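Beneath this line is the structure, given in structure tokens, with notes to follow.
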Amino acid sequence: MTPEILEYLLRLTVIWAVLLAYYFVALRRAGFAAQRFYLLGTLAFGLVVPLLSVLGGGLPVAGLPSVTYVAEPFFYTGGAEVETAASSWSWFTVLPWLYLTGLAFFLARTLVQWKGLWHWVSSGTTDRYDGYRVVRHGNINGPFVAFGCIFLPTEMTDADLEHTALIHEASHLRARHHYDTLLLTIGSLLLWFHPLFWMLRSLLATVHEYEADAAVIQRVPVRTYGLQLLHASLGPAGYPGLFSSPITKRIAMITDKKRVGKLPTLTLFSLCLLLTGLAATCSSLSRDVIDPIEENKTLEEVPAGVVEPLKKTLTEGLNSEESYEKGYEDGKVAAEKAIEEFVDVFAETVYKKIVYPAAARSAGETGSFDFLIDIDETGRITDFKYNKENSGNDPVGEITLVGTGIANKGKTGTSDILVKEILQVLIDLQLPEPFMIMEIAMPTKLRIRFNFKLEE
């Protein structure tokens, strides 16, 4: 779990929450096709907008002075491994495992459901209605559609009710609702933890039912269909596929004569403004963009009486050798301090994770290993290179582990076990803060020397 993922989920949540609120305020009485399009668009808009690329970026830094900084040695003790393991625990390490556990559970449940559907298709009786395949099986409790097929119980007690159910389910297929359901099923695997996703899925399922109901009452009298709904809901078994939403809402829907077929112009205009505002605030498009007013300020804004003296002062200051040297020295001091503080952060983070492997201590393996480490502007290690031979360049920091044991001079600087331990620590390591100069986060490279020593 990284800060980027958390920021993405936060922006996604804000977009979905705002658009759902607008749906309940302005679109509940819109046509069912418009509601379906809006809810699907809400899902897609929330998923895509936070991924839009950022304009601009960090300022390039060239020629940072080389700074030598040696961290305090870390002395290995017998109980250090337990203490290190305990201190390295955090939500950032637990959350990915919780997410994968939930993903595995919902994936297993979906596969079991799909296996049951395949069993009904392969072992049930089939016929066709209105060009669609109808599967009947004794274990099916109520009508529903999946993968382009209509599923029905083997025997339904009322022939008229069965005919209505076929019209209802065929309407789902004709409107391509099963494609929505498939996409929502896949989405529920990846976003199983997000309550707003489940709300959107529930609202879409309800709109699907209302759309199918609207198609049914074009062929079945409203009174007859209402009585069938009431009869089925009061029956001993019921039919969850056909009558999945509350009976009062279903009857209210089929008797509603005031539903809006076309959205008013004001509603569409306010929706466009809302989408534009969300795209601007939740997509990072405005981050790091220079204010054109600030960028284009000139000396014309300065009173005329002080323009020439100001120009002269600026020119003299920029061209003076003393000013140049002072600026260079100040920048060098600031860079050295930033590097020193960042190496402190790096060393503290690594000390919480690295150990002196017991196998290496038993074999008397010691040595110093130089790594050139690339760190991006978020503080994540993106690449590193191991120099087997000393390059002659001094490291900016050293991390020293001292363990208990007898050093074997024949195994100094050749240990694959120690190198593997360093590699395991560095891979995808996330530092608590990035490298900062003048409050600007930027990528950097660190040459770090890892020392492993043994003392009796």
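Residues checked against (1) modelled with pLDDT under 90; (2) in a helix (DSSP H, G or I); (3) on the phi > 0 side of the Ramachandran plot; (4) basic (K, R):
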| residue | (1), (2), (3), (4) |
| --- | --- |
| E162 | yes, yes, no, no |
| T181 | no, yes, no, no |
| G187 | no, yes, no, no |
| F193 | no, no, no, no |
| L200 | no, yes, no, no |
For region 138-160, which residues satisfy the criterion of being without any contact (Cβ under 8 Å) to a residue 12 or more places away in the chain and either under 30 Å from Y38 (Cα atoms) or not in a loop (DSSP other than H, G, I, E, B) (or both)?
-> A159
State which residue is surrounded by the most Cβ atoms within 10 Å (Cβ to Cβ) when the search covers only region 176-212 and only residues that are of a type in the set (D, E, K, R) and out of contact with any His (no Cβ under 8 Å at 6 or more places or on another chain).
-> E209
Only one of G379, G364 is assigned by TED's automatic domain parsing to the domain that holds L429 and closer than 16 Å to I417 by Cβ, namely G364
Considering every residue within region 263-272, establish whether at least one is part of a loop (DSSP other than H, G, I, E, B), over 17 Å from A165 (Cβ atoms) and either at pLDDT 70 or above or out of contact with any strand residue (DSSP E or B) (no Cβ under 9 Å at 6 or more places or on another chain) (or both).
-> yes
Tabulated pairs, region 186-207, first closer than 21 Å to H172 by Cβ, second of a type in the set (G, A, S), C-beta under 6 angstrom, 6+ apart or interchain = T206/S245
Restricting attention to region 133-156, and to residues there that are crowded, with 17+ Cβ neighbours inside 10 Å and among the aromatic types (F, W, Y), which single residue is nearest to E169 (Cα to Cα)?
-> F144
Select from region 392-438 the residues that are of a type in the set (G, A, S) and surrounded by 11 or more Cβ atoms within 10 Å (Cβ to Cβ) and write down the one among them that is farthest from K353 (Cα to Cα).
-> A407
Only unsatisfied item for D394, checking (1) more than 35 Å from the chain's Cα centre (by Cα); (2) modelled with pLDDT of 90 or more, is (2)
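The values are calculated or read from the model by the stated rules, or taken from the named source; none is laboratory data. Model, not experiment: these values are computed from the prediction. Because the Cβ atoms are built from the backbone with ideal geometry, glycine has one as well, and the counts that use them run over all protein chains shown.
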